[in-house]
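The values are calculated or read from the model by the stated rules, or taken from the named source; none is laboratory data. Just so you know, these numbers come straight off a predicted model, no measurement behind them. For neighbour counting, all protein chains shown are included, and Cβ atoms are generated from backbone atoms with ideal geometry for every residue, glycine included. Please note that ligands, DNA and RNA were not included when accessible areas were found on the heavy atoms of the full protein model with its side chains. Shrake-Rupley method; radii C 1.70, N 1.55, O 1.52, S 1.80 Å.
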Amino acid sequence: MKRVAIIMGSDSDLPIVRAAAEKLKGLDIPYEVRIMSAHRTPADVAEFADTAYDKDFGVIIAAAGKAAHLAGFLAAHTTLPVIGIPIKSSTLDGLDALLATVQMPSGIPVATVAIDGAANAALLAAEILAVGDPALREKLTDMRKEMADTVRRKDKELQTQLV
């Protein structure tokens, strides 16, 4: 199975990024977590992205706040899917990071999840990998069924409480 790279711009992003690692681990998807900055270590980011495919990565998740150029910088250096997680880390409540991540020029796409949406970034990465992995697709289908069952159970409990 292909691996997922989780790259964060700063160690301060770890409390948010941890949710992505936990989702991937729960789905038995191998991953690697790194700290790299598009601004402070651009050569390292470029080298990682340039060689990610050859290192058996299938998807890259990039988490960054403020200027949030990490996802776009990675996407400019690879044809692997890149998923951006805008991090709420400034006085603009993550809106700056959201706009910097989602507003990519034509030809260099970055999939973008919600501000601090690390769990959904991991699930989107899993869905991308599941295109070629029936066992992973089945795990995701089962997870969706469990979510639906939970909502139905809670609805039923609510109805009995209000009667």
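For the range 22-56, list residues with backbone N below 19 Å from a point placed 7 Å from the Cα of Asp133 toward its Cβ? Under cut-off, by backbone N: 22-34, 52-56. Extension gain for Asp44 to Thr141 (0.36 nm times residue separation, less C-alpha to C-alpha distance): 31.2 nm. Any chance you could give the angle, 0 to 90 degrees and rounded to 10, that helix 42-52 forms with the longest Cα principal axis of the chain? Once rounded, one gets 60 degrees.
Surface composition of the chain: carbon and sulfur make up 55 percent of the accessible area, probe 1.4 Å. Dipole check for the range 15-163: with +1 at the C-beta of Lys and Arg, -1 at the C-beta of Asp and Glu, and the Cα centre as origin, the magnitude is about 420 Debye.
Dividing the helix sum by the residues of the chain, where each DSSP H run of 4 or more adds -39500 (n - 2.57), gives a mean residue ellipticity at 222 nm of -16000 deg cm²/dmol. Here r is the Cβ-Cβ distance between Glu22 and Leu162 and R0 is 30 Å; the resulting FRET efficiency, rounded to 0.05, is 0.30.
Site pair Lys88 and Ala67 shows an inter-label distance of 2.4 nm when each label is modelled 7 Å from Cα along Cα→Cβ. Ranked by the mean number of other Cβ atoms within 10 Å of their residues, highest first, the peptides 50-58, 152-160 come out as 50-58, 152-160. Note that the range 1-92 presents 47 Å² accessible area per residue, ligands and nucleic acids not counted, probe 1.4 Å.
For Met36, what is the net charge nearby, where nearby means another residue's Cβ is under 15 Å from its Cβ and Lys, Arg count +1, Asp, Glu -1? My count for the surroundings of Met36 gives -3.
Where Lys and Arg each count +1 and Asp and Glu each count -1, what net charge lies around Glu127 among other residues with Cβ under 12 Å from its Cβ? Result for the local shell: +3. The largest accessible area among Asp13, Asp96 belongs to the first residue in Asp96, Asp13, and the rest follow in falling order (1.4 Å probe, all chains).
Dimensions of the range 30-122 from C-alpha coordinates, computed as largest minus smallest value along each principal axis and given longest first, are 38, 27, 25 Å.
Take every pair of alpha-carbon atoms less than 8 Å apart whose residues are at least six positions apart; their mean separation over the length of the chain yields a relative contact order of 22 percent.
The charge dipole of the range 112-163, taken about its Cα centre with unit charges on the Cβ of Lys, Arg, Asp and Glu (plus for the first two, minus for the last two), comes to roughly 200 debye.
Projected label points at Asp11 and Leu99, each 7 Å from Cα along the beta carbon direction, are separated by 3.2 nanometres.
Within the shell of other residues whose beta carbon sits under 11 angstrom from the beta carbon of Asp149, the net charge comes to +3, with Lys and Arg scored +1 and Asp and Glu -1.
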